[in-house]
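Worksheet: one structure, shown below.
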Amino acid sequence: MSEVLVPFLQRMRQVTVLRYLIASAGALAVDMGTFLSLMTSGMPAVAASSVGYGMGIVAHWILSSRKVFADQVAERGPARTRQKAMFVVSALIGLALTTAIVWSATMTGFDPRAAKLAAVVASFTVTWMLRKAVVFR
């Protein structure tokens, strides 16, 4: 069995989108944990969503630059700084999308937790496309 399983697992490690999905799950855990904790402590949903997303951004950069796109990370210096800036811009686009979805859902009476889940799907899709095509190309 390990003759089949080991090569399969090695191949899966090479699939960028799978690694990105796993990194996103880790960043999402940080994001949602922060979001739910802040909401429980009384912070408004939109603010809690933004702070949670920001914490997720930090986690995602660490995971993406070391495990997902490690061979495409620029060397130190101006190229690395530019790449980090583009990563942050892609994250800010995701943040704007997340905030807009949570805000509009909250204003129309929907549960902010359900809105946050919808925002996760939208943000994941947009940031994946930006990071794959622009940031780590």
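Data for the structure
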item	result
Filter result for the condition that a residue is within 18 Å of the chain's Cα centre (by Cα) and over 20 Å from residue 126 (Cα atoms), over 66, 80	66
Qualifying residue in region 122-130 (condition: under 23 Å from residue 45 (Cα atoms), modelled with pLDDT of 85 or more and of a type in the set (A, V, I, L, M))	yes
Close pairs (6 angstrom Cβ cut-off, 6 or more residues apart or separate chains): more than 14 Å from residue 96 (Cβ to Cβ) in region 112-137, outside any helix (DSSP H, G or I) and modelled with pLDDT under 90 anywhere	136/69
Selection count, region 84-111, where residues are surrounded by 14 or more Cβ atoms within 10 Å (Cβ to Cβ) and outside any helix (DSSP H, G or I)	1
Residues of region 55-83 classified as exposed (fewer than 15 other Cβ atoms within 10 Å of the Cβ) and assigned to a helix (DSSP H, G or I), total	11
Residue satisfying all of: in region 113-126; of a type outside the set (Lys, Arg) and surrounded by 20 or more Cβ atoms within 10 Å (Cβ to Cβ); farthest from residue 65 (Cα to Cα) among these	115
All positions within region 37-54 that are polar (S, T, N, Q) and assigned to a helix (DSSP H, G or I)	37, 40, 49, 50
Every residue from region 1-26 that is within 28 Å of residue 56 (Cβ to Cβ), at pLDDT 70 or above and in a helix (DSSP H, G or I)	16, 17, 18, 19, 20, 21, 22, 23, 24, 25, 26
Matching residues, region 127-136, being surrounded by 14 or more Cβ atoms within 10 Å (Cβ to Cβ), assigned to a helix (DSSP H, G or I) and more than 10 Å from the chain's Cα centre (by Cα)	130, 131, 132, 135
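The values are calculated or read from the model by the stated rules, or taken from the named source; none is laboratory data. Keep in mind that what you see is a predicted model, and the values were worked out from it rather than measured. So basically every Cβ, Gly included, is an ideal-geometry build from the backbone, and we count neighbours across all protein chains shown.
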